[in-house]
Amino acid sequence: MTTRRHGLFLAVALLSALLSGGLPKAGSAAEPVAFDAKAFEAAQDEGRPILVQISAPWCPICRTQKPIVAALSAEPRFKALAVFTLDFDTQRDLVRRFGAQMQSTLILYKGRTEIARSVGETQPEWIEQLLEKAL
């Protein structure tokens, strides 16, 4: 029952976000930002939970992951989560730095420590469980 409830919540959150003019606006905690080394280091220094989302514009799995991550990171319990995006095709040096072998990679940090990694995951409840590991 909980799985259905979470799925329903995510569907409603995505639908309401789309109907209200899109996903969260710039400046909100839920807004993913392009990877910036200084901002990433500052979030690490603060001990914040950090998600590095490595994607490619042509990747259907990445397109599925993005609204799920956006909806989850908009939840109050994930308000401290910093989400950084990397383009698999154009930021190869950074992709190698994070040790990612393919697009659709989600890497979770708590401060400076990598605590979890997922590749190709599109189930909302599994992505939610991944993010909960940083709380």
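Quick notes
- Inspection of the stretch 60-72 identifies no residue that is out of contact with any Phe, Trp or Tyr (no Cβ under 7 Å at 6 or more places or on another chain), closer than 16 Å to residue 32 by Cβ and not in a helix (DSSP H, G or I).
- Selection within the stretch 55-87 - under 9 Å from the mean Cα position of the chain (by Cα) and among the aliphatic types (A, V, I, L, M): 68, 69, 70, 72, 81, 82, 83
- Set side by side, the residues 20, 28, 16, 73 differ, and just one is at pLDDT below 95, touching a helix residue (DSSP H, G or I) at 6+ places or on another chain (Cβ under 8 Å) and among the polar types (S, T, N, Q), which is 73.
- Test: residue in the stretch 48-59 that is surrounded by fewer than 16 Cβ atoms within 10 Å (Cβ to Cβ) and among the hydrophobic types (A, V, I, L, M, F, W, C): yes
- Taking the conditions (1) under 15 Å from residue 123 (Cα atoms); (2) surrounded by fewer than 16 Cβ atoms within 10 Å (Cβ to Cβ); (3) not aromatic (Phe, Trp, Tyr) in turn, residue 68 satisfies each one other than (2).
- Qualifying positions in the stretch 87-99 - in a loop (DSSP other than H, G, I, E, B) and either more than 21 Å from residue 115 (Cα to Cα) or touching a helix residue (DSSP H, G or I) at 6+ places or on another chain (Cβ under 9 Å) (or both): 88, 89, 90, 91
- Within the stretch 104-121, being in contact with a helix residue (DSSP H, G or I) (Cβ under 8 Å, 6 or more places away or on another chain), among the charged types (D, E, K, R) and surrounded by 15 or more Cβ atoms within 10 Å (Cβ to Cβ) holds for one residue alone: 121.
- Yes/no for residue 37 being without any contact (Cβ under 8 Å) to a residue 40 or more places away in the chain and under 18 Å from residue 91 (Cα atoms): yes
- Restricting attention to the stretch 76-86, the residues that are surrounded by fewer than 20 Cβ atoms within 10 Å (Cβ to Cβ) and either part of a helix (DSSP H, G or I) or free of Cβ contacts under 8 Å to residues at least 12 places away in the same chain (or both) add up to 2.
- Any hit, the stretch 37-46, residues being crowded, with 16+ Cβ neighbours inside 10 Å and basic (Lys, Arg): no
- Of all residues in the stretch 122-133 being acidic (Asp, Glu) and under 21 Å from residue 60 (Cβ atoms), the one that is surrounded by the fewest Cβ atoms within 10 Å (Cβ to Cβ): 125
- Residue that is surrounded by the most Cβ atoms within 10 Å (Cβ to Cβ), among those in the stretch 87-101 that are closer than 16 Å to residue 120 by Cβ and either without any contact (Cβ under 8 Å) to a residue 24 or more places away in the chain or β-branched (Val, Ile, Thr) (or both): 95
The values are calculated or read from the model by the stated rules, or taken from the named source; none is laboratory data. Since this is a predicted model, take the numbers as computed values, not measurements. Glycine also receives a Cβ, built like all others from the backbone with ideal geometry; neighbour counts cover every protein chain displayed.
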